[in-house]
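The values are calculated or read from the model by the stated rules, or taken from the named source; none is laboratory data. Since this is a predicted model, take the numbers as computed values, not measurements. Counting neighbours? That spans all protein chains shown, and the Cβs are built from the backbone with ideal geometry, glycine included.
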Amino acid sequence: MHHLERITIDPNICHGKPCIRGMRWPVEVIIDMLGSGMSISEIVEDHAELEREDILASLNYAKLLVSGRLINAAA
């Protein structure tokens, strides 16, 4: 399961950037934390509102973007 239903796009939240479950957590911030060396466990421990599935959804979303596939995130 790709968990893409966790990625939402709302023009009123973070300027319409893809976010986690309608919260002000853009996918790019999650990817940045992973890129800085944080583990999924560390991210979830540091940010209680996030869940492991949110991180996996962000990774899957990023994978689809770089593959060139069209993505329809839930609004």
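The figures follow:
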read-out: Qualifying residue in the range 39-58 (condition: on the phi < 0 side of the Ramachandran plot, modelled with pLDDT under 95, surrounded by 12 or more Cβ atoms within 10 Å (Cβ to Cβ) and polar (S, T, N, Q)); value: no
read-out: Subset of the range 1-39 (residues that are of a type in the set (A, V, I, L, M, F, W, C) and without any contact (Cβ under 8 Å) to a residue 12 or more places away in the chain); value: M1, I13, V29, M33, M38
read-out: Sole exception among (1) buried (at least 16 other Cβ atoms within 10 Å of the Cβ); (2) out of contact with any Pro (no Cβ under 8 Å at 6 or more places or on another chain) for V27, by number; value: (2)
read-out: Within the range 12-63, considering residues that are part of a helix (DSSP H, G or I) and small (G, A, S), the one farthest from the chain's Cα centre (by Cα); value: S41
